[in-house]
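Chemist: If you scroll down you'll find the structure; I have some questions about it.
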Amino acid sequence: MSEPAVGTVETKLTKKDFETDQEVRWCPGCGDYSVLANVQRVLPEFGIPRERFVFVSGIGCSSRFPYYMNTYGFHTIHGRAPAFATGIKLARPELSVWIVTGDGDGLSIGGNHLLHVIRRNVDVQILLFNNRIYGLTKGQYSPTSQLGMKNKSMPMGVIDYPLDPVAFALGAGATFVARTVDVDSAGLQDVLRRAHAHPGAAFVEILQNCPVYNDGVWEAIEDRRTRVEAGLPLIHGEPLVFGAKGRRRGIRIEHGTPRLIALADEDDPVAAGVTVHDERHESPAYAMALATLAPPDFPIPTGVFRAAERPSYERLLDEQVTTAVRERGPGTLEGLLHSGDTWSVE
Amino acid sequence: MNKAQASADRASKTQHPQNPNERKPHERLERVAIRFAGDSGDGMQLTGTKFTESTALAGNDLSTLPDFPAEIRAPAGTLAGVSGFQIHFSSTDVRTPADQPDVLVAMNPAALRANLADVRLGGMLVLNADAFTEKNLERAGYREDPLPDVRERYRVVEIPLTKLTIAAVADLGLSQREATRSKNFFALGLMYWLYGRPVESTLRWIASRFPDDVGEANRRVLMAGYHFGETSELFPVSFEVPPAKIEPGVYRNITGNTALAWGAVAASTQMGRPLFVGAYPITPASEILHELAKHRNFGIKTFQAEDEIAAAAAAIGAAFAGHLALTVTSGPGFLLKQEALNLAVVAELPLVLVDVQRAGPSTGLPTKTEQADLLMALYGRSSDSPMPVLAPATPGECFSIMLEAFRLAVKYMTPVVVLSDGYLANSAEPWRIPDTAALPRSVVSYHTEPAGFAPYHRAAETLARPWAIPGTPGLEHRIGGLEKQDGSGNVSYLPDNHQRMTDLRHQKVAGMARDIPPLELRGAASGRLLVVGWGGTHGAIATAVDETRADGGEVAHLHLRHLNPLPSDLGDVLGRFERVLVPELNTGQLVRVLRDRYLVDAQSLTKVQGQPFRIAELRSAIARLLED
Ligand code: SF4
């Protein structure tokens, strides 16, 4: 291939460089708009030429994402984006590959692929938009819909238990797991930067509002006024504390079980027994315990749950190729065809 | 031993090793078919493979067919656990493993019972007498001893194979179980003597393959079998099958699966682009993945995916990123991959899918052969989704077809299906190794020019869209499953555009007929009867047609390698014959396509038993059509 002649890294890119001329077709007020804008805002910071980005998606509202990114993009088939992205990344590890999926696409039809891209630790960024509903097909319940929620396909209420995306990713052996909120630009951008910097599969759950079919499902954590009570910011090295002045509480995790600790404003949370967040904890059980935190008894943790180091799949695969070439020399067709028993006929 | 080793080295390089047996008289034969049969744990596949290698070194033309049970280890001694390997070798042309073996080596009563009906009447049965116990007879389902009756119809040679094996290794301190494990080598050695095959390559292989004590046991047992033939009065003569007249060159044995794998490697070296292989384990295609996984030093990236769907999807992803992409599977996996293939059709990305067809719907008969995925390859996707389809005719042709499939995939920017089958996958034939310097070589180039770039801007002649890969500055674009606007590639819901894109996709695949050379027939260019086949039935049909012609029958044979698009001269060729017969290992698939396309009154001959056609079956069908 004639390699890229001039990288565009030198000229500083802006948000505009990542916008396409295609009309964005999400419903007015959809949480996807905010995510798109923040992704377009963060990408220029990475110092990577635009042509090295590839956005890969499946099917669903969020999966229209690649059409709005002025990068390379592949809008694939329902649930299978992780498999396409794996092929792209293994073929060209120098590319920055982003998977955009949703709770239906990623956790229902595509659960198997999501599991395995995480397990293999392919160095991709996975953005899972969780609106707890099927939007594009007009309002059926998804694997993350709450019990009892009434919807088009279960008018008397959901009777299957919801899946937590963070717990799913941790269970699959994720080396990087984070959660953020569509409208929280600062938090979202922060997590995107961390996900990009992580060498391995980076899983990000984005709590996203679907104003048409599941409006307000994340209201408590999206609303600035209630966010301090409803959310628990995860900051590495800081105690797990949330709540406004006068109502501060901490969380202690002991033997995998979380417990609330009421704190007076002047209390030292650590001295009071509040757990200090450690995203590099050697056991994923700690992050799993955090993943069980949910309303009504607990706030929703946001931020980085876990960031562990493990070699990525495409790197190990490349190493096998390098080793094979070093040990056996570059393969030749002539050598291959004549290997083993041959005989001549004159 | 050293001396033997030295002469062995020479023997393996020279073409006509002498029949080493000089003590007993030997009789000259033109052709022989032998079937080795035993319990699946008896090592019959290995025995057959070694006999094949030795026979190739002896300069014969040959064809082989393994027949193994789907279960890895069915209960010992039962019919379900019988594993067989047939080899047909000759001093003249051989194209099939033969309808009826002349010799059956049966390691137990179940192997006898499962195979006896196939053996030529009056043929030779070599039996392990030690295994014919009451209990084993019962396990095989025999109510009474079959041997008295069998002895009247066949030449039965009963040898206490287990006892002789144990005796041969008596002083090696092996357990009884370990010792008897070598007994297949006794049978192998005996057959080597009987048909004057060289033993040296097998001795070398044993030395390199097994640890010292096991290797020594196998070596001794092999030689014990060989000397038993020489000394025992059970065999008054040995046989000689002189070398065949074969086109000069360097040869090797090759199975269809290996040839498919090597053809993919060759595509990569000749097209100058790395190969990516997405696969999920499935019988009988897994060996292709295994073979390619061995060759990382060619820069090949094999990827065992979580399922069939992901295997195809990852390959398509790699194609988007500029690799030569391959996915290999069998029918049930092909079915799962259709969704991804449909995307490749719309995204217009190059991909090669190999389907090693197996028998039956659903799990069916995983280890048996069939040709019943043709209609699925042609029509098995949602909506209008044209895809080129090729089928190799012989194990050796599996190599060249992969070169062609990749060349077409890239030239026309389309997924291409290659339909192999379980018979081609496992059967072996001597293959003249092509001169690699003479293989066409042309490095594939990607589109890199930003000026005037549009992802669906098509080349005038081929209608192919440009292959513009991520990483190329100025060509950033999005593709996907939503209908694309002609040219720009933007999402389009316009009615006229969908009509145009559907038509273009059809025209593009139809236009590939330009690349198909004129058809070649075996026999006259016109006349009473044309037999049209495709895929792995080639050897049987060609033999049946040749035999009929030798007897004066007016028949010709056409074997189709291109099933979509069909060759542009096919209609003319069909029209030059009074009658057309289409034999297929399905319930009539190609015949439907031909009737539909050419309104020809083609007759169908079908068989779905998990077995290849017998030459006799084809001959009688041909004879019937020639008579009335
Ligand atoms: S249906 Fe819901 S998720 Fe989909 S675009 Fe509309 S608001 Fe957004």
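Chemist: Out of A:291, A:178, A:201, any idea which swings most in a Gaussian network model of chain A, alpha carbons joined below 10 Å?
Modeler: In this elastic network of chain A, the residue with the biggest mean-square fluctuation among A:291, A:178, A:201 is A:291.
Chemist: Pull out the extension gain between residue B:121 and residue B:29, defined as 0.36 nm times the separation in residues minus the alpha carbon to alpha carbon distance; nm, one decimal.
Modeler: Roughly 31.4 nm would be gained on extension.
Chemist: Now a separate question. What ³J(HN,Hα) values, in whole Hz, does the Karplus curve 6.51 cos²θ - 1.76 cosθ + 1.60 give for segment B:34-44 when θ = phi - 60°, with x put for Gly and Pro?
Modeler: Residue by residue, segment B:34-44 yields 10, 10, 9, 9, x, 5, 5, x, 7, x, 6 Hz.
Chemist: Still on this structure, please answer the following. Measure of size requested: the Rg and Dmax of segment B:216-257, with Cα atoms as the atom set and Å as the unit; please supply both.
Modeler: 16.5, 42
Chemist: Excluding same-chain residues fewer than 8 positions from residue B:484, which lysines have a Cα within less than 21 Å of its Cα?
Modeler: Of all the lysines, those that pass the test against residue B:484 - Cα under 21 Å, at least 8 places apart if same chain - are B:411, B:508.
Chemist: Taking the Cβ-Cβ separation of residue A:238 and residue A:325 as r and a Förster radius of 51 Å, what is the calculated FRET efficiency to the nearest 0.05?
Modeler: So the FRET efficiency works out to roughly 0.60.
Chemist: Post the alpha-carbon centroid distance, segment B:548-606 to segment A:10-43, in whole angstrom.
Modeler: Taking the Cα centre of segment A:10-43 as reference, the centre of segment B:548-606 is 58 Å away.
Chemist: Something else about it: Average projected area of the Cα convex hull of segment B:2-240, in nm²?
Modeler: One quarter of the hull surface, i.e. the mean projection, equals 12.9 nm².
Chemist: Could I have the simple spin-label model distance between residue B:170 and residue A:267, label points 7 Å from Cα toward Cβ, reported in nm to one decimal?
Modeler: Result for the modelled spin labels: 8.8 nm.
Chemist: Test of understanding: extend the Cα→C-beta vector of residue B:240 to 7 Å, then name every residue of segment B:37-61 with backbone N under 20 Å from that spot.
Modeler: Once the point is set 7 Å along Cα→Cβ of residue B:240, B:54-61 turn out to lie under 20 Å by backbone N, inside segment B:37-61.
Chemist: Kindly put A:35, B:531 in sequence by how many other C-beta atoms sit within 10 Å of each C-beta, fewest to most.
Modeler: A:35, B:531
Chemist: Treating only the Cβ of Lys, Arg, Asp and Glu as charged (+1, +1, -1, -1), what charge dipole size does segment B:252-437 show about its Cα centre? Round to the nearest 20 debye.
Modeler: The dipole magnitude comes to about 440 debye.
Chemist: Longer than 21 Å from Cα to Cα, which of B:301/B:368; B:163/B:183; A:89/B:301; B:368/B:607 are they? Say none if no pair is.
Modeler: B:301/B:368
Chemist: Arranged by the count of other C-beta atoms within 10 angstrom, fewest first, what order do B:559, A:196 take?
Modeler: By the 10 Å Cβ count, ascending: A:196, B:559.
Chemist: Using only the Cα atoms of segment A:211-346, build the gyration tensor, take square roots of its eigenvalues as a ≥ b ≥ c, and label the shape rounded, prolate or oblate: rounded if a/c is under 1.5, else prolate if a/b is larger than b/c, else oblate.
Modeler: The shape class here is prolate.
Chemist: Okay, next question. Would you work out which of A:137, A:72, B:548 lies farthest towards the positive end of the dipole of the protein assembly as shown, given +1 charges on the beta-carbon of Lys and Arg and -1 on that of Asp and Glu, about the Cα centre?
Modeler: Value computed over the given set: A:72.
Chemist: With axes computed from alpha carbons, what is the tilt in degrees of helix B:308-320 against the longest principal axis of chain B, rounded to the nearest 10 within 0 to 90?
Modeler: Computed tilt is about 50 degrees.
Chemist: Another question, then. Pick out, from B:51, B:142, B:88, the residue whose Cα sits farthest towards the positive end of the charge dipole of segment B:2-240, with +1 on the Cβ of Lys and Arg and -1 on the Cβ of Asp and Glu.
Modeler: Ranked along the dipole, the leading option is B:51.
Chemist: Here is a follow-up. Give the percent of DSSP beta bridges with both residues in the protein assembly as shown that are antiparallel, rounded to the nearest 5.
Modeler: Of the beta bridges lying entirely in the protein assembly as shown, close to 35 percent run antiparallel.
Chemist: Please give the length that would be gained between residue B:603 and residue B:502 if that part of the chain were fully extended, namely 0.36 nm times their separation in residues minus their C-alpha to C-alpha distance (nm, one decimal).
Modeler: 33.1 nm
Chemist: Now for a different question. I want to check the label-to-label distance for residue B:227 and residue A:33. Put each point 7 Å from Cα in the C-beta direction and report it in nm to one decimal.
Modeler: That separation, rounded to one decimal, is 9.3 nm.
Chemist: From the Cα trace of chain B, what convex hull volume per residue do you get, rounded to a whole Å³?
Modeler: 171
Chemist: State the Cα centre-to-centre distance between segment B:288-345 and segment B:133-185 in whole Å.
Modeler: 46
Chemist: Report, in degrees rounded to the nearest 10, the 0 to 90 angle that the Cα long axis of helix A:81-91 makes with the longest principal axis of chain A.
Modeler: The answer is roughly 40 degrees.
Chemist: Ok, one more. Check each of the trypsin sites (Lys or Arg not before Pro) in segment B:401-458 and keep only those in coil by DSSP with at most 14 other C-beta atoms within 10 angstrom; list them in order.
Modeler: The qualifying sites are B:441.
Chemist: Right, another one. What does the charge add up to near residue B:302, with Lys and Arg as +1, Asp and Glu as -1, over the other residues with Cβ less than 10 Å from its Cβ?
Modeler: +2
Chemist: Assuming R0 = 35 Å, can you tell me the calculated FRET efficiency for the pair residue B:150 and residue B:209, based on Cβ-Cβ distance, to the nearest 0.05?
Modeler: Given R0 = 35 Å and the Cβ-Cβ separation, E is 0.45.
Chemist: Nearest 20 debye, what's the magnitude of the dipole of the protein assembly as shown about its Cα centre given +1 on Lys and Arg Cβ and -1 on Asp and Glu Cβ?
Modeler: The calculated dipole for the protein assembly as shown is roughly 320 debye.
Chemist: If you fit an axis through the alpha-carbon atoms of helix B:212-231 and take the longest principal axis of the Cα set of chain B, what angle between them do you get, 0 to 90°, nearest 10?
Modeler: Helix B:212-231 and the main axis of chain B meet at about 60 degrees.
Chemist: Among B:271, B:258, B:324, flag the residue with its Cα farthest along the positive direction of the charge dipole of segment B:252-437, charges on Cβ as +1 for Lys/Arg and -1 for Asp/Glu.
Modeler: Positive-most Cα among the choices belongs to B:271.
Chemist: Report the full-extension gain for the segment residue B:554 to residue B:482: residue separation times 0.36 nm, less the Cα-Cα distance, to one decimal in nm.
Modeler: 20.6 nm
Chemist: Could I ask something else about it? Does chain A come out rounded, prolate or oblate by the C-alpha gyration tensor, with a ≥ b ≥ c the root eigenvalues, rounded set by a/c under 1.5 and, if not, prolate when a/b is larger than b/c and oblate if not?
Modeler: Because a/c hits 1.5 or more and a/b exceeds b/c, chain A counts as prolate.
Chemist: Classify the protein assembly as shown: rounded, prolate or oblate, from the alpha-carbon gyration tensor (a ≥ b ≥ c, eigenvalue square roots; a/c under 1.5 rounded; otherwise prolate if a/b is larger than b/c)?
Modeler: It is prolate, given that a/c is not under 1.5 and a/b is the larger ratio.
Chemist: For segment A:28-43, in order, what is each residue's ³J(HN,Hα) by Karplus, 6.51 cos²θ - 1.76 cosθ + 1.60 with θ = phi - 60°, in whole Hz (x at glycine and Pro)?
Modeler: Once θ is set to phi - 60°, the couplings for segment A:28-43 become x, x, 5, x, 4, 4, 5, 5, 4, 4, 6, 5, 5, 6, 7, 3 Hz.
Chemist: Could you work out the local net charge near residue A:296, counting Lys and Arg as +1, Asp and Glu as -1, over the other residues with Cβ closer than 15 Å to its Cβ?
Modeler: Net local charge, residue A:296 excluded: -2.
Chemist: Given a Förster radius of 22 Å and the C-beta distance between residue B:46 and residue B:134 as r, what FRET efficiency does 1/(1 + (r/R0)^6) yield to the nearest 0.05?
Modeler: That gives a FRET efficiency of 0.15.
Chemist: Relative to the Cα centre, what is the charge dipole magnitude of segment B:2-240, using +1 at the beta carbon of each Lys and Arg, -1 at the beta carbon of each Asp and Glu, and rounding to the nearest 20 debye?
Modeler: My answer is approximately 340 debye.
Chemist: Report, in whole Å, the centroid distance computed from the Cα atoms of segment A:182-236 and segment A:269-286.
Modeler: 21
Coordinate-derived values only; no laboratory data. These numbers were taken from a predicted model, which means no experiment stands behind them. Positions of Cβ are generated from backbone atoms using ideal geometry, with glycine treated the same way; all protein chains shown enter the neighbour counts.
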